[in-house]
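J.: Submitted below is the structure of interest, expressed as structure tokens.
The values are calculated or read from the model by the stated rules, or taken from the named source; none is laboratory data. Please read all numbers here as calculations on a predicted model, not as lab measurements. A quick note on method: Cβ atoms are made from the backbone with ideal geometry, for glycine too, and the neighbour counts reach across all protein chains shown.
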Amino acid sequence: MIHDTRLFMLLSLVTFTVSIFPSTLLAFDEPMLSISTGNVTGVYYAAGSAVAKMHNKKRKEYNLRLLAEASEGSVANIQNVTDGTTAFGIAQANALDYAQNGEHYWQDAPVNNLRSVLGLYTEAFTVVAAVNANINSLQDLRGKIVNIGEHGSTDNIQAKSILGFVGLDMEKELTVSEVPTYEASELLQQGRIDAYLYTVGHPNLSIKEASHGARKIMIVPPSTKYVDALLEQKDTLVERVIRVDYYKDLANTEPVRTFGVKAILFCNVDTNEEVVYRIVKEVFENLDLFKRQHPAFAKLTPERLSTKLIVPLHPGAERYFKEAGLLR
Ligand code: GLU
């Protein structure tokens, strides 16, 4: 009887472990490396999964499986790659720039062990608001409840810098909410916030989710004056127009002009050269398939994948770009 009970407990434990950690057990003998991405409602997670998919088609030959891991986004990814928790990460160009120059989150602690692998799509600075909150410009955020993302997150850093730039005093003029951005769409529908700020590729699930409920939602265009001034001043920012036809329940009818920033796949300086070379090669050699993995990748070109990568190029990526004639 005691014997049976023990056996039953052992079997239950095995069943439980297999059901909560299936990939760990199944991939037990297979070497794995992770790409630290973003939350599942953003596009980093899809981008990391797409890169992994291109590589993993040859995972037996390469004896390595790449795995996209959810995370809190750029800041967390830079930390993970810096301290070796993950081999790869995805981050906004401006976050990599801050890290390498010791600014914002990295004030007085510049990071010098990051290397670029591939340039990806352009993310857009996006202000999502409830139509009945009457927010038609960044200035109209004054007096409203605005979610800017968790303290220490990229969204939070970005929001503080942009709102400061347009002259809004966050402490005095806004009611700031600092919940993780992946919860913001729900808060907006529940009427607990008036707007949220998110730098992200399009289309994404956050805005799809935000626009699906009873409360009518829109994307607020920042005024031309601020977009132009930001583009003029910050090298890492580029013009970006958000197509609104992706989101059929959104109140907008016209595309939204805003500014954006490149998303970049990067790694640690110590990440194995052959591994990096293979990842770049598989993405380039399967570029059409890669582009079909997400609508945000539709405009990718070899040039976009290989230029404006902010941190120094990893030798594995450099080798492939030279072979492909993209670098001399
Ligand atoms: N831009 C966001 C960040 O750097 C992530 C967006 C996404 O997950 O697609 O944290």
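J.: Has the stretch 139-150 got any residue that is over 21 Å from residue 260 (Cβ atoms), under 15 Å from the mean Cα position of the chain (by Cα) and surrounded by 16 or more Cβ atoms within 10 Å (Cβ to Cβ)? Explain how you work it out, then say what you get.
T.: Going through the stretch 139-150, the residues over 21 Å from residue 260 (Cβ atoms) turn out to be 140, 142-145, 150.
If we keep only those that are under 15 Å from the mean Cα position of the chain (by Cα) as well, we get 150.
After this cut, where a residue has to be surrounded by 16 or more Cβ atoms within 10 Å (Cβ to Cβ) as well, the list is 150.
Among the residues of the stretch 139-150, at least one is over 21 Å from residue 260 (Cβ atoms), under 15 Å from the mean Cα position of the chain (by Cα) and surrounded by 16 or more Cβ atoms within 10 Å (Cβ to Cβ), which makes the answer yes.
Let's see how each residue does on (1) assigned to a helix (DSSP H, G or I); (2) at pLDDT 80 or above; (3) not hydrophobic (A, V, I, L, M, F, W, C):
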residue: 9; (1), (2), (3): yes, no, no
residue: 18; (1), (2), (3): yes, no, no
residue: 23; (1), (2), (3): yes, no, yes
residue: 33; (1), (2), (3): no, yes, no
residue: 42; (1), (2), (3): no, yes, yes
residue: 51; (1), (2), (3): yes, yes, no
residue: 61; (1), (2), (3): yes, yes, yes
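J.: Determine whether residue 68 is within 12 Å of the ligand (Cβ to nearest atom), modelled with pLDDT of 95 or more, surrounded by 13 or more Cβ atoms within 10 Å (Cβ to Cβ) and closer than 25 Å to residue 283 by Cβ.
T.: Yes: the conditions hold for residue 68.
J.: Could you list, in sequence order, the residues of the stretch 231-267 that are crowded, with 20+ Cβ neighbours inside 10 Å and more than 16 Å from the ligand (Cβ to nearest atom)?
T.: Once the filter is applied, which keeps residues that are crowded, with 20+ Cβ neighbours inside 10 Å and more than 16 Å from the ligand (Cβ to nearest atom), the stretch 231-267 yields 244, 250, 256, 267.
J.: Is it the case, given these coordinates, that residue 128 is among the aliphatic types (A, V, I, L, M), modelled with pLDDT of 95 or more and crowded, with 18+ Cβ neighbours inside 10 Å?
T.: Against the criterion (among the aliphatic types (A, V, I, L, M), modelled with pLDDT of 95 or more and crowded, with 18+ Cβ neighbours inside 10 Å), residue 128 qualifies.
J.: For the stretch 111-228, give me every one of the helices (runs of 4 or more DSSP H) that falls completely inside it and has 1 or more residues that are free of Cβ contacts under 8 Å to residues at least 40 places away in the same chain, within 16 Å of the ligand (Cβ to nearest atom) and in contact with a helix residue (DSSP H, G or I) (Cβ under 8 Å, 6 or more places away or on another chain).
T.: Fully inside the stretch 111-228 and qualifying: 154-165.
J.: Answer yes or no: is there a residue in the stretch 32-47 that is hydrophobic (A, V, I, L, M, F, W, C), within 8 Å of the ligand (Cβ to nearest atom), within 26 Å of residue 183 (Cα to Cα) and in contact with a helix residue (DSSP H, G or I) (Cβ under 6 Å, 6 or more places away or on another chain).
T.: Yes, the conditions are met somewhere in the stretch 32-47.
J.: Right, here's the next one. Starting from residues that are more than 21 Å from residue 42 (Cα to Cα) and among the polar types (S, T, N, Q), keep the ones in the stretch 195-230 and report whichever is surrounded by the most Cβ atoms within 10 Å (Cβ to Cβ).
T.: 223
J.: While we're here: Any residue in the stretch 70-98 that is within 19 Å of residue 158 (Cα to Cα) sitting within a Cβ distance under 6 Å of a residue that is assigned to a loop (DSSP other than H, G, I, E, B) and away from the ligand (no atom under 12 Å from the Cβ)? List the pairs, counting only those 6 or more apart or interchain.
T.: Taking only residues 6 or more apart or on different chains, the pairs are 93/236; 93/310; 94/236; 96/310; 96/311; 97/236; 97/310.
J.: Please work out which residue is farthest from the ligand (Cβ to nearest atom), limiting yourself to the stretch 81-106 and to residues that are over 16 Å from residue 311 (Cα atoms) and at pLDDT 95 or above.
T.: 84
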